[in-house]
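The values are calculated or read from the model by the stated rules, or taken from the named source; none is laboratory data. This one's a predicted model, so the numbers in the text were calculated from it and none came from an experiment. We place every Cβ from the backbone using ideal geometry, glycine too, and count neighbours over all the protein chains shown. When the accessible area is computed, the model is the full protein with side chains, heavy atoms only, and any ligands, DNA or RNA have been set aside. Shrake-Rupley method; radii C 1.70, N 1.55, O 1.52, S 1.80 Å.
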Amino acid sequence: MDEDLKRTRLYDWHATHGGRMVPFAGWELPVRYDPGVLEEHRLVRRSVGLFDIDHMGQFTVTGPGAASFLQTMVTSDVASLEVGQSRYGLLCRPTGRIVDDVFVYRRPADWFVVVNASNRAKDFSWLTDHAAGCQVVLSDVSDATYMVAVQGPRALELLKPLTDVPLDTLPRFGALTARIAGVEAFVGRTGYTGEDGVELFFSADQAVHLWETLLASGQERGIEVGPIGLGARDSLRFEPGYSLYGHEIDEETTPLEAGLGWACALDKDFVGRDALLAQKAAGLTKKLVGFELTEGGIPREGCVVTAPDGTPVGRVVAGLYAPTLDKACGHAFVSPEFSAPGTPLAIVIRDKPKTAVVVRRPLYKRSPL
Amino acid sequence: MNIDKQARYLPSHEWVRPEGGLYVCGISDHAQEALGDVVYVDLPEVGTIFAKGAVFGVVESVKAASDLYLPLSGEIVEVNALLNQGPEQVNKDPYGKGWIVKIRASKAGEWESLLDPAAYGELS
């Protein structure tokens, strides 16, 4: 492997537990373990899985200007967050194109921003460049902060005896500080799988202890739990329709095109707002859709999308076999006139057009608790 | 890793085995393990004639698409229709229920030129 790749504190654990290590966003991470991508996906949908996502970046923002600074930089209305709440949002260029997607948590003493590993340096300098005169202090705390996601319908049941805080009373997107297996952790009822669960942030030197305690505790109590690799992480995020930077969103795309208008509070001022208002008034030229293949094949990123008559109308940005749906599906950017659910399309896979149909997003929604 | 001692191999990990006057072909245990979960197999039309080494189909796994190379020149006389509903058979039983096509070989001497189990074992 490339010697420049970074390793998480759980690298040795992964390597000795069947993890197939691959390069990802500058890190060496497990793409899968022995059970394989499909079984790992199903484990999260039926019980609980653990994700080593230490590669994700975390920044803190403090100072008297923190709330108004973030309100200007992030597309969603983060200034209205109360302590113990979090919200999804985007960082945009003045052109409205997307720098990154972020999760912003308001904590008692600071604001906590979670960013993509591949964009960590870019995001930090983008924010720093705009911070002058804003009375804020920005810190990249990624190296000291470990991040593990515990996801699945039995996630809170798994954590319950390991903490003295009733996590199940935490609302979706709520966050608090708790001791978990003796480790002080910042806990968000957030995630990237479409299931219930939490994301844990804690001191990096506790990574192996917390990981092994969670697995052992599940085993003792008959709660099926296992580690989940990047392969299943991708299919788990795809089914509920979450965006992945570099696929559905990037510096060529605006939130409106990517179906993320709901994460843009256009009634407040933020970087990129004017461009988004102008785009909204002028109308979109491309739009993200979900689709299902209606004949055999697996669509892949980069496949051309055509109308049934063969006219090119777009391009696939994510394509896969969706395990819960048991269908070959994808996301594509297409001309708006081809974006309505039910619209027939063709996906060109290795020079052969395969019939497909636009479907409503998200493709998967968990049943209510 | 499991190697079928009755089969011969291509360096690209396809196996082929004589059976009732025909040849059965699939991908090796090593190949299915490297690919990960197989979710679709693009099968050729019965009756198609290919030269040795031609791409006759595609295995799609959760990771990527991989071309399938025909180990022997000849005609495809049967495809494993079970794979349309159960592509995971390629992972579960690569030398048995996960077979992919049956070939009527058209050129003498090609079988002998393939890798024997020992040679393939060293390679993979």
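Using the structure shown, decide if B:LYS92 is within 12 Å of chain A (Cβ to nearest Cβ), closer than 23 Å to A:LYS327 by Cα and open to solvent by 40 Å² or more (accessible area, probe 1.4 Å).
Against the criterion (within 12 Å of chain A (Cβ to nearest Cβ), closer than 23 Å to A:LYS327 by Cα and open to solvent by 40 Å² or more (accessible area, probe 1.4 Å)), B:LYS92 qualifies.
Tell me whether the range A:25-32 contains one or more residues that are among the charged types (D, E, K, R), free of Cβ contacts under 8 Å to residues at least 60 places away in the same chain and either farther than 23 Å from A:ASP100 by Cα or within 14 Å of another protein chain (Cβ to nearest Cβ) (or both).
Filtering the range A:25-32 down to residues among the charged types (D, E, K, R) leaves A:28, A:32.
Narrowing the set further to residues that are free of Cβ contacts under 8 Å to residues at least 60 places away in the same chain leaves A:28.
Remaining after also requiring either farther than 23 Å from A:ASP100 by Cα or within 14 Å of another protein chain (Cβ to nearest Cβ) (or both): none.
No, there is no match, as no residue in the range A:25-32 is among the charged types (D, E, K, R), free of Cβ contacts under 8 Å to residues at least 60 places away in the same chain and either farther than 23 Å from A:ASP100 by Cα or within 14 Å of another protein chain (Cβ to nearest Cβ) (or both).
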| query | If we scan the range B:15-26, do we find a residue that is part of a loop (DSSP other than H, G, I, E, B) and open to solvent by 20 Å² or more (accessible area, probe 1.4 Å)? | reply | yes
Of the listed residues (A:ASP77, A:ASP54), the one being part of a loop (DSSP other than H, G, I, E, B), open to solvent by 10 Å² or more (accessible area, probe 1.4 Å) and farther than 22 Å from A:GLY259 by Cα is A:ASP54
Among (1) open to solvent by 10 Å² or more (accessible area, probe 1.4 Å); (2) part of a strand (DSSP E or B); (3) within 14 Å of chain B (Cβ to nearest Cβ); (4) touching an Asp or Glu at 6+ places or on another chain (Cβ under 9 Å), A:THR60 falls short only on (3)
Exactly one of A:ALA204, A:ALA144, A:ALA185 is within 22 Å of the chain's Cα centre (by Cα) and surrounded by 21 or more Cβ atoms within 10 Å (Cβ to Cβ), and that residue is A:ALA185
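Only one of these is facing chain A (nearest Cβ under 10 Å) and at pLDDT 95 or above: B:ASP29, B:ASP37. Name it. Before you say what the answer is, go through the steps one by one.
On the way: B:ASP29 fails: facing chain A (nearest Cβ under 10 Å).
Of B:ASP29, B:ASP37, the one residue that is facing chain A (nearest Cβ under 10 Å) and at pLDDT 95 or above is B:ASP37.
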Going through the range B:53-76 in order, the residues found to be on the phi > 0 side of the Ramachandran plot and over 13 Å from the mean Cα position of the chain (by Cα) are B:GLY74
Is the range B:53-62 home to any residue that is open to solvent by less than 20 Å² (accessible area, probe 1.4 Å), more than 14 Å from chain A (Cβ to nearest Cβ), part of a strand (DSSP E or B) and more than 20 Å from A:ALA322 (Cα to Cα)? no
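Is it true that A:GLY49 is assigned by TED's automatic domain parsing to the domain that holds A:LEU159, part of a loop (DSSP other than H, G, I, E, B) and not hydroxyl-bearing (Ser, Thr, Tyr)? Working first, answer last.
Details: assigned by TED's automatic domain parsing to the domain that holds A:LEU159: yes; part of a loop (DSSP other than H, G, I, E, B): no; not hydroxyl-bearing (Ser, Thr, Tyr): yes.
Here the answer is no, as A:GLY49 does not meet what is asked.
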Those strands (runs of 3 or more DSSP E) completely within the range A:228-331 that have 1 or more residues that are within 14 Å of chain B (Cβ to nearest Cβ), under 18 Å from the mean Cα position of the chain (by Cα) and surrounded by fewer than 23 Cβ atoms within 10 Å (Cβ to Cβ) are A:312-322
* Some residue of the range A:337-348 being in contact with a strand residue (DSSP E or B) (Cβ under 8 Å, 6 or more places away or on another chain) and within 14 Å of chain B (Cβ to nearest Cβ) -> yes
Matching residues in the range A:80-108 (open to solvent by less than 40 Å² (accessible area, probe 1.4 Å), under 21 Å from A:GLY246 (Cα atoms) and part of a loop (DSSP other than H, G, I, E, B)) number 1
Of the conditions (1) open to solvent by less than 30 Å² (accessible area, probe 1.4 Å); (2) under 20 Å from the mean Cα position of the chain (by Cα), the single one that A:GLY19 does not satisfy is (2)
Discussion item. Tell me yes or no: at least one residue of the range B:101-117 is closer than 30 Å to A:GLY19 by Cβ and within 13 Å of the chain's Cα centre (by Cα).
Written reply: no
